[in-house]
Amino acid sequence: MDIFETLSRERTLINPAADRVKDIAALARPRTRAKRELFMVEGPQGVREALAAHRDHPVLDAIYVTEASLEKHPGLGDAIAAAEGSAAPSASGKRRKVFIRLVTEEVLAAMSDALTPQGVIAVAHIEPSLGNSPWAAGHDPGLIAAMVRVQDPGNVGTLIRASDAAGADAAITTKGSVDVLNPKTVRSTAGSIFHLPVLVGMEIHELVGKARKSGMMVLAADGYGEHSLDDLSDAAAQARVEKRKDCPSDGIDLRRPTLWLFGNEAQGLTDEEKNLADARVAVPVYGRAESLNVGTAATVCLYSSARARRP
């Protein structure tokens, strides 16, 4: 029996004004998320990654899906079927059963924070979704992205996704950054929020201190930085070809374990924050654009480090 037949046995949610629907919609508010320790995951890709994570950890609380979404994404239906009736053990040893319901398009729209709902919403537990510290169990991370007072939910989501794609050990926000569990942020991660540790609200001096203690170099992305990312990439590539351990760029070697600091969209990093870094690095702009969006600049920086650190 397929998942649609199984769900059809249950009462489909058809009332957009129902209390359960209002409860899910309320997760768009930070206070509700904090109080209930739950957040929304919207869209097929994000929900698929949440389902995959749920196989190892009790991430999911509930899934609400439309018939049209199941028909359009058969792989999603298979993943939901695997979770249907499951009761993954939590850290306390208790078992959590995933609540799964078929809903109408109107109900999903009432639940969703998106302008164009994508047919499926999962409700996930905040823990263990955000993961452990990259320094846990004596591990020395090789690449970390830090978002320093970054305010736009889409930028934070893009940065988490880029960190995941570049193979970073963690993505971290400092105090004053937007809530990473904002629905728009979670959508922008496209499921990457379940792939790597995401630490929130760290104090920047503590973060830099931990990085230095584990042997990491600290670089500040700054449009007016004294170092060009291209020059650093070229120097690392040349040292790699020549099989040299040292790098001629004033000791700034992209092959080293690195913590990148990415600043606020409008103000960037403050002078105090820049002074915490070993160097300030600019991403060259060859066209007429005044600057790069922080998410785009961060992606370039992270991939430069990832490329330099390849075995």
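Between Ala289 and Arg20, residue separation times 0.36 nm minus the direct Cα-Cα distance comes to 92.1 nm.
Under conditions of 4 °C and 1.567 mPa s, the chain yields 62 µm² s⁻¹ as its translational diffusion coefficient, taking Rh as the Kirkwood radius over Cα pairs in the Stokes-Einstein equation.
Charge dipole of the chain (Cα centre as origin; +1 on each Lys and Arg Cβ, -1 on each Asp and Glu Cβ, all else neutral): 700 debye, rounded to the nearest 20. When +1 charges are put on Lys and Arg Cβ atoms and -1 charges on Asp and Glu Cβ atoms, the dipole computed for region 149-295 relative to its Cα centre reaches about 500 debye. The residue list Pro58, Val285, Leu219 was ranked by how far each Cα lies along the charge dipole of the chain toward its positive end, using unit charges on Cβ atoms, and Pro58 comes out on top. Result for the chain in a Gaussian network model with C-alpha springs under 10 Å: among Glu42, Glu206, Glu242, the largest mean-square fluctuation is at Glu242.
Roughly to the nearest percent, how much of the accessible area of region 22-76 is carbon and sulfur, given a 1.4 Å probe? Heavy-atom surface of region 22-76 belonging to carbon and sulfur, 1.4 Å probe: 46 percent.
Accessible area per residue for the chain, computed on protein heavy atoms with a 1.4 Å probe, is 49 Å². Charging the Cβ of each Asp and Glu at -1 and of each Lys and Arg at +1, and nothing else, the dipole of region 120-189 about its Cα centre rounds to 240 debye. Antiparallel beta bridges, as assigned by DSSP with both residues in the chain, represent about 35 percent of the total such bridges.
Our summary gives region 173-277 a relative contact order of 29 percent, counting only alpha carbon pairs under 8 angstrom and 6 or more residues apart.
Roughly speaking, what is the centre-to-centre gap between region 254-280 and region 105-161 when only Cα atoms are used, to the nearest Å? With region 254-280 and region 105-161 each reduced to a Cα centre, they are spaced 22 Å.
In region 263-311, what GluC sites (Glu not before Pro) fall in a loop by DSSP, with at most 11 other Cβ atoms inside 10 Å?
Values: sites: Glu265, Glu272, Glu273, Glu290; in loops: Glu265, Glu290.
Hits after loop and neighbour filter: Glu290.
Using 1/(1 + (r/R0)^6) with R0 = 25 angstrom and r between the beta carbons of Glu206 and Asp231, what's the FRET efficiency to the nearest 0.05?
Values: r = 31 Å, r/R0 = 1.24.
In this case the efficiency is close to 0.20.
Where does the longest stretch of the chain lie that holds no chymotrypsin sites (Phe, Trp or Tyr not before Pro) found in a DSSP loop with 12 or fewer other Cβ atoms within 10 Å? List each step's numbers first, then the result.
Numbers: sites that count: Tyr224, Tyr286.
So the longest stretch without any such site is 1-223.
Rolling a 1.4 Å probe over the protein heavy atoms of region 139-263, with every protein chain left in place, gives an accessible area that is 48 percent carbon and sulfur.
The values are calculated or read from the model by the stated rules, or taken from the named source; none is laboratory data. Small disclaimer: the values here were computed from a predicted structure and weren't measured. Positions of Cβ are generated from backbone atoms using ideal geometry, with glycine treated the same way; all protein chains shown enter the neighbour counts. All accessible areas refer to the heavy atoms of the entire protein, side chains included, with ligands and DNA or RNA removed. Shrake-Rupley method; radii C 1.70, N 1.55, O 1.52, S 1.80 Å.
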